[in-house]
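Note sheet for the following structure.
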Amino acid sequence: MARARGDGLTRGRCEMRNISFSRRRVLVQGAMVATGVGAAALLGACGATPTPQVIEKEVTKIVEGTPQVVKETVIVEKQSTVEVVKEVTVQVQASAPAVTTIEWWPGWPEAAMVAIAKRFEEKNPDIKVNVVSNYPEMQAVLAAVAAGKPPDILADVPYMELIARGVILPLDERINTSTEVSLTDGDIRKELWEVFAWQGKHYGIPSVDTAGREGMGFNLNVIGEAGLDANNLPTTWEDVFEWHQKITKYDSAGNLSIIGMAVMAERTPACSYGDPWMWPHMWGFKYIENNKYSIDRPETVEFLNVIKQFADSVGVEKLDGLSQAMQGISRGAFGIGKQGMQITYPSGPAGVWQSNPTQKYKFTYVPVPASRKGKKIQTAGGHAGMIMKDSKNPDPSFKLAVYLTQKEACDILFEAIGWIGVRKSWQAQVDMSRYPSDVAENIMFFQKSLDEADEVWYNNDPIESITETEWGKAYQGVMYGKMTAKEAAATMEANLTKELQKVLGTSG
């Protein structure tokens, strides 16, 4: 009877404590009662609460694909002779980072741009760059836009023309929140930012070939052989023409053997693709302002007549023959010691040194008319990373555009082409030891001149490629005697005004 009361008390206390039994524990207790130890076991179960033991157990978890050993505390409760272990299993799914592919149309030089893309991918494994090597001609870009398949980022295009058509993404918000580029810290010159600005917004990250756009090059060997003083270089067009006449020589058959200056070679015909129309700058005026052209004016007539003067002095037929003979030669006659003077690009100093290393060259400011003698002028331009408005990947594209301003990308282009990087901080540390000191000085002239010139010009021409076409018609018409300089200036302004009205949808 005592045992019966004890059993009842034990059962009642257990019910009050609300202990639940697992199926396994009930079976174990049944076995214990059958062997004569059940009462003692039950009394023990309803006695003082046992002290839990704390055991540290090692659990291996996979986090982001990397095995890690994590110590997990496991509570083990001892109830009678039965252990109930509470374990937690954590499973972490290992996954590779998502990769975004962006399409880049960088233009020239293809090999260097491919190398930049590869280095960028190494630093950004979540971004793949598809470099499209075909040259990004204006019509190809517009066709891609019309088809709904534009590139994500591009360069080496008629920048303002695409911006004005509304197909380029403004970047001010991204620039202003970036910790890597700034409109105001001066590391990238203000003028270079403004080259790619339109109606108060900025559309490009200046990056590639952004030194001053032109310099007057002199072959010191050629001018020395002509008896001219290399320490007193001409600075006006009037003086340059005199030197041109003294340098120019003919062979016994009357063909040009050395020319003083082929005035419309290399830089001087350009008006687009990062190289603004420079002739108005030399004469001290802006040819377009507030979307209005100012070309039909005395200064334009004057520089068109300067061009004709040079052409007439040797004959356009001989100039054509020289041009054809020099096709495929870097910098033409100037690059192989057959021309005394030429207005060239920032890549000119490295280019002529590579093609003609035995002769010496000097690069300085372009000439101006006698009425502006003493003025040192330069033009801002070059190339920028621009993101298409319909890009599906604007953020990784912006990252690539910024990368083009940074040391690794600048080093690649400097090694390949001799282009100076856009940042002043890069320019301060660039290693020029691969070049002779005079070549290094010539290369740096194009960059320093942006800071030291009296005037730095840039154009915001919304139909710049059409301007280049009309400029070609104008100067060639004058050179070949098909129209006067006055007629050419008037025709050029009239045609451009009509074309601009079509693009902007205005009537004047």
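Here are a few things to note about the model shown:
- Summed over region 205-221, the residues that are surrounded by 22 or more Cβ atoms within 10 Å (Cβ to Cβ) and outside any strand (DSSP E or B) give a count of 6.
- Only one of LYS473, LYS498, LYS448 that is in the same structural domain as SER272 (by TED's automatic domain parsing), surrounded by fewer than 17 Cβ atoms within 10 Å (Cβ to Cβ) and under 25 Å from GLY215 (Cα atoms): LYS473
- Residue in region 301-339 that is modelled with the highest pLDDT, counting only those that are over 24 Å from MET483 (Cβ atoms) and of a type in the set (S, T, N, Q): GLN339
- For ALA117, the conditions (1) within 17 Å of GLN406 (Cα to Cα); (2) surrounded by 17 or more Cβ atoms within 10 Å (Cβ to Cβ); (3) over 14 Å from the mean Cα position of the chain (by Cα) all hold with the exception of (3).
- Single residue of region 280-302 satisfying the filter (of a type outside the set (A, V, I, L, M), assigned to a helix (DSSP H, G or I) and buried (at least 18 other Cβ atoms within 10 Å of the Cβ)) that is farthest from the chain's Cα centre (by Cα): GLU299
- Filtered residues of region 328-376 (kept if crowded, with 24+ Cβ neighbours inside 10 Å, closer than 17 Å to ALA440 by Cβ and of a type in the set (Gly, Ala, Ser)): GLY348
- Residue within region 225-247 that is touching a helix residue (DSSP H, G or I) at 6+ places or on another chain (Cβ under 7 Å), of a type in the set (D, E, K, R) and touching a residue at least 24 places away in the same chain (Cβ under 8 Å) present: yes
- Among residues of region 377-409, those that are surrounded by fewer than 23 Cβ atoms within 10 Å (Cβ to Cβ) and under 20 Å from ALA270 (Cα atoms), counted: 1
- Every residue from region 450-507 that is among the charged types (D, E, K, R), assigned to a loop (DSSP other than H, G, I, E, B) and farther than 25 Å from ASP156 by Cβ: ASP454, LYS482
- From GLU441, GLU464, residue being in contact (Cβ under 8 Å) with a residue 24 or more places away in the chain, over 25 Å from THR184 (Cβ atoms) and acidic (Asp, Glu): GLU464
- Entry remark, region 163-177: residues being at pLDDT 95 or above and part of a helix (DSSP H, G or I) number 7 in total.
- In the set (1) under 24 Å from TYR345 (Cβ atoms); (2) free of Cβ contacts under 8 Å to residues at least 24 places away in the same chain; (3) in contact with a strand residue (DSSP E or B) (Cβ under 7 Å, 6 or more places away or on another chain), ASP251 fails one condition alone, (1).
- Hits in region 145-165 - residues which are within 14 Å of ILE102 (Cβ to Cβ), surrounded by 16 or more Cβ atoms within 10 Å (Cβ to Cβ) and over 16 Å from the mean Cα position of the chain (by Cα): PRO150
- Of the residues in region 331-342, at least one is within 23 Å of HIS383 (Cα to Cα) and either touching a helix residue (DSSP H, G or I) at 6+ places or on another chain (Cβ under 8 Å) or in a helix (DSSP H, G or I) (or both).
- Pair list, Cβ < 8 Å and 6+ apart or interchain, from region 178-195 residues that are buried (at least 19 other Cβ atoms within 10 Å of the Cβ) and part of a loop (DSSP other than H, G, I, E, B) to residues that are charged (D, E, K, R) and at pLDDT 95 or above: ILE188/ARG423; ILE188/LYS424; ARG189/LYS424; ARG189/ASP451
- Residues of region 249-265 classified as surrounded by fewer than 20 Cβ atoms within 10 Å (Cβ to Cβ), part of a loop (DSSP other than H, G, I, E, B) and either out of contact with any Leu (no Cβ under 9 Å at 6 or more places or on another chain) or at pLDDT 95 or above (or both), total: 5
- GLU238 meets the conditions (1) under 28 Å from GLN324 (Cβ atoms); (2) modelled with pLDDT of 95 or more; (3) surrounded by fewer than 19 Cβ atoms within 10 Å (Cβ to Cβ) in every case but one. The failed one is (1).
- Only residues that are within 10 Å of the chain's Cα centre (by Cα) and assigned to a loop (DSSP other than H, G, I, E, B) were counted across region 388-421, and they come to 3.
- Hits in region 348-374 (condition: in contact (Cβ under 8 Å) with a residue 60 or more places away in the chain and either β-branched (Val, Ile, Thr) or part of a strand (DSSP E or B) (or both)): VAL352, TYR361, LYS362, PHE363, THR364, VAL366, VAL368
The values are calculated or read from the model by the stated rules, or taken from the named source; none is laboratory data. This structure is a prediction, so every number in the text was calculated from the model and none was measured. Cβ sites come from the backbone with ideal geometry, for glycine too, and all protein chains shown count toward neighbours.
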